[in-house]
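Colleague: Mind having a look at this structure? Questions to follow.
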Amino acid sequence: MFARLLSLVILALIAPRFAIAEPGVRGIVAQSNSLAAAFSARPANGNVFQIVPEKADIYSGDLLVSLPGATLTAKNSAVTVKTLADFDGRSPLPILETAYSLAQPSEKDVDLELILDRGRINITNVKPDGVATVRVRFGDQSWKIVLDSPKTQVTFELCGRWTAGTRFQLADPKTDPAKAPGPIASLVFLVLSGSASVDVGGATVAMRPPPGPAELRWNSVGGVRPQAQKLDKFPSWADPEAVLSDDAQKLAGACERFRKSRADDPATAFETFLGSIDPINQRVALINIGGLDDVERLEKTLGTAKTIPQWDFGVTVLRHWLGRTRGNDQQLYQLLTTRSGYTDAQSRIVLQLLLGFSPDDLTQPETFEVLIDYLGNSKPVIRNLAAWHLVRLVPQGKTLAFKPNASGEDARLYQLEWKKLIPSGKLPTVSKTP
């Protein structure tokens, strides 16, 4: 017995300081470098997000939803991860919020293992010397990235969206969920500084910043071609020297005010920002409501919006949430039918309006007749979704007085104006960039 205890003590003394934990064991894998409420965390077996305190430990398996600028450092101080935002709308993908989780490294030479759920992150080698290695997983992919030297930096941007015109289908309980229709995920990977090598399915790709082989792209339909695309210069969305516009600086400032408001009084921050007369504050609140999966509040906000900007961007956020992952369409259907008082038919209408219309749909007069008919629906959300499509598809419709919180009579008058604008059986002049 004594000999066995002695052997255990010896093993403990000679074990490496950062030994790999058993898979599935929750443990500290990083530390936040940010102020309170820059991160919100939800444990893998939980359903409630909690504010992460200032400079707190980060645990494996926790889903982190992060505000722009939120930064953490790996437990062994080898790499940092920083969240970025598309404040100026330059990104090739419609990024709203960023979410990811960390795992216990599965290999001895990996400094950080990250599962990217959505959004944009920068990963930087912060060692005083030598290489740093990270493994990044997303979709069905698992890439191993070697950051060759200190200050080497790479960026990932990931987003999912439904193909326009997809028809909503209620899932059959007997069908494998993995085979159900789902959104298409797209990713862009770019080397910003230094040099890096990326293991993509067994093929190693050497990369460096522009001008050079700097970019890889992947999507869930076509996969990835393990050959870096040469860029002559940084794209505007990723240019490290790019300066934010005045509007983007206002949005960044609103994000910081929202962070402070949540840190000071989490219970009132969302209502304060949603009720603000400033559209930028409303925008920040809506993004975070969707980011934290509060889809019930998002749906109610869409039906009770008091301003045009709140209505307009609320639809965008709900569509963004729907496109994040397979199954969100089914989740929203269940919410509408079981908790929000929608019939099966009304719920299907909401889902189809959120999924949108194909180019072929827009050549059919019936599409516009249906949308105009929905303007008189008893459910405000259906009226508001129909109006959202019409004012994007038909430029002349922007001159009509729309009220997202209209009374039944106001909605009827608005519907009559559209019937005059697009007579039954006729096609309007459709915007080329809806």
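So that you can scan it fast, the table gives a plain yes or no per residue for (1) among the aromatic types (Phe, Trp, Tyr); (2) in contact with a strand residue (DSSP E or B) (Cβ under 9 Å, 6 or more places away or on another chain):
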position: 143; (1), (2): yes, yes
position: 153; (1), (2): no, yes
position: 180; (1), (2): no, no
position: 184; (1), (2): no, yes
position: 193; (1), (2): no, yes
position: 201; (1), (2): no, yes
position: 209; (1), (2): no, yes
position: 224; (1), (2): no, yes
position: 238; (1), (2): no, yes
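Colleague: Hey, can you tell me all the residues within region 336-351 that are within 18 Å of residue 169 (Cβ to Cβ), under 25 Å from the mean Cα position of the chain (by Cα) and small (Gly, Ala, Ser)?
Modeller: 347
Colleague: Okay, next question. Among the residues in region 166-179, are any surrounded by fewer than 17 Cβ atoms within 10 Å (Cβ to Cβ) and in contact with a Ser or Thr (Cβ under 7 Å, 6 or more places away or on another chain)?
Modeller: No, region 166-179 contains no residue that is surrounded by fewer than 17 Cβ atoms within 10 Å (Cβ to Cβ) and in contact with a Ser or Thr (Cβ under 7 Å, 6 or more places away or on another chain).
Colleague: Also: Which one of these is closer than 16 Å to residue 430 by Cβ and hydrophobic (A, V, I, L, M, F, W, C): 357, 402?
Modeller: 357
Colleague: A follow-up question, please. Restricting the search to region 373-391, which residues are of a type in the set (A, V, I, L, M), touching a residue at least 40 places away in the same chain (Cβ under 8 Å) and farther than 13 Å from residue 415 by Cβ?
Modeller: Residues satisfying the conditions are 381, 385.
Colleague: Would region 194-209 turn up any residue that is touching a Phe, Trp or Tyr at 6+ places or on another chain (Cβ under 7 Å) and buried (at least 17 other Cβ atoms within 10 Å of the Cβ)?
Modeller: Yes - at least one qualifying residue is present in region 194-209.
Colleague: Suppose we filter 182, 160, 165 for residues that are modelled with pLDDT under 95 and either in a strand (DSSP E or B) or in contact with a Lys or Arg (Cβ under 9 Å, 6 or more places away or on another chain) (or both); which single one remains?
Modeller: 182
Colleague: For residue 420, are the conditions met, namely being surrounded by fewer than 20 Cβ atoms within 10 Å (Cβ to Cβ) and part of a helix (DSSP H, G or I)?
Modeller: yes
Colleague: Still on this structure: Limited to region 128-164, what total is found for residues that are closer than 30 Å to residue 346 by Cα and either assigned by TED's automatic domain parsing to the domain that holds residue 315 or surrounded by 15 or more Cβ atoms within 10 Å (Cβ to Cβ) (or both)?
Modeller: Of the residues in that region, 4 qualify.
Colleague: What are the residues in region 208-230 that are part of a strand (DSSP E or B) and either in contact (Cβ under 8 Å) with a residue 60 or more places away in the chain or among the small types (Gly, Ala, Ser) (or both), if any?
Modeller: Within region 208-230, 212, 214, 218, 223, 224 meet the criteria.
Colleague: Continuing with this model, one more query. Going by the structure shown, is residue 413 modelled with pLDDT of 95 or more and either under 23 Å from residue 317 (Cα atoms) or outside the structural domain of residue 312 (by TED's automatic domain parsing) (or both)?
Modeller: Numbers: modelled with pLDDT of 95 or more: yes; either under 23 Å from residue 317 (Cα atoms) or outside the structural domain of residue 312 (by TED's automatic domain parsing) (or both): no.
In short, no.
Colleague: Checking the condition aliphatic (A, V, I, L, M), free of Cβ contacts under 8 Å to residues at least 24 places away in the same chain and either in contact with a Pro (Cβ under 9 Å, 6 or more places away or on another chain) or under 25 Å from residue 89 (Cβ atoms) (or both), which residue from 205, 188 passes?
Modeller: 205
Colleague: Now for a different question. With respect to residue 126, determine if the residue is more than 18 Å from the chain's Cα centre (by Cα) and either among the basic types (Lys, Arg) or more than 24 Å from residue 202 (Cβ to Cβ) (or both).
Modeller: Criteria met by residue 126.
Colleague: Pairs needed: first member in region 276-301, under 13 Å from residue 255 (Cα atoms); second member anywhere, acidic (Asp, Glu) and assigned to a loop (DSSP other than H, G, I, E, B); C-beta distance under 8 Å; at least 6 residues apart or different chains.
Modeller: Within 8 Å, the pairs are 287/97; 288/97.
Colleague: So which residues in region 335-352 are without any contact (Cβ under 8 Å) to a residue 40 or more places away in the chain and either part of a helix (DSSP H, G or I) or on the phi < 0 side of the Ramachandran plot (or both)? So that I can check it myself, show each step before the final result.
Modeller: Residues of region 335-352 that are without any contact (Cβ under 8 Å) to a residue 40 or more places away in the chain, as a first pass: 336-338, 341-347, 349-350.
Listed by number, the residues that qualify are 336, 337, 338, 342, 343, 344, 345, 346, 347, 349, 350.
Colleague: What pairs can you find where one residue is in region 30-49 and assigned by TED's automatic domain parsing to the domain that holds residue 100, the other is of a type in the set (Asp, Glu), and their Cβ atoms are less than 6 Å apart, with a gap of 6+ or different chains?
Modeller: 31/57; 35/54; 36/54; 41/62; 43/62
Colleague: Return the total of residues in region 243-269 being out of contact with any Asp or Glu (no Cβ under 8 Å at 6 or more places or on another chain) and either of a type in the set (Phe, Trp, Tyr) or closer than 30 Å to residue 218 by Cα (or both).
Modeller: Looking only at that region, the number is 5.
Colleague: Going through region 231-251 one residue at a time, which ones are surrounded by 13 or more Cβ atoms within 10 Å (Cβ to Cβ) and out of contact with any helix residue (DSSP H, G or I) (no Cβ under 9 Å at 6 or more places or on another chain)?
Modeller: Within region 231-251, 231, 234, 235, 237, 238, 239, 242, 245, 248, 249 qualify.
Each row is one residue, and each column tells you yes or no for (1) in a helix (DSSP H, G or I); (2) within 26 Å of residue 34 (Cα to Cα).
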position: 253; (1), (2): yes, yes
position: 271; (1), (2): yes, yes
position: 277; (1), (2): no, no
position: 287; (1), (2): yes, yes
position: 296; (1), (2): yes, no
position: 302; (1), (2): yes, no
position: 314; (1), (2): yes, no
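The values are calculated or read from the model by the stated rules, or taken from the named source; none is laboratory data. Since this is a predicted model, take the numbers as computed values, not measurements. All Cβ positions, glycine included, derive from the backbone under ideal geometry; neighbour counts span all protein chains shown.
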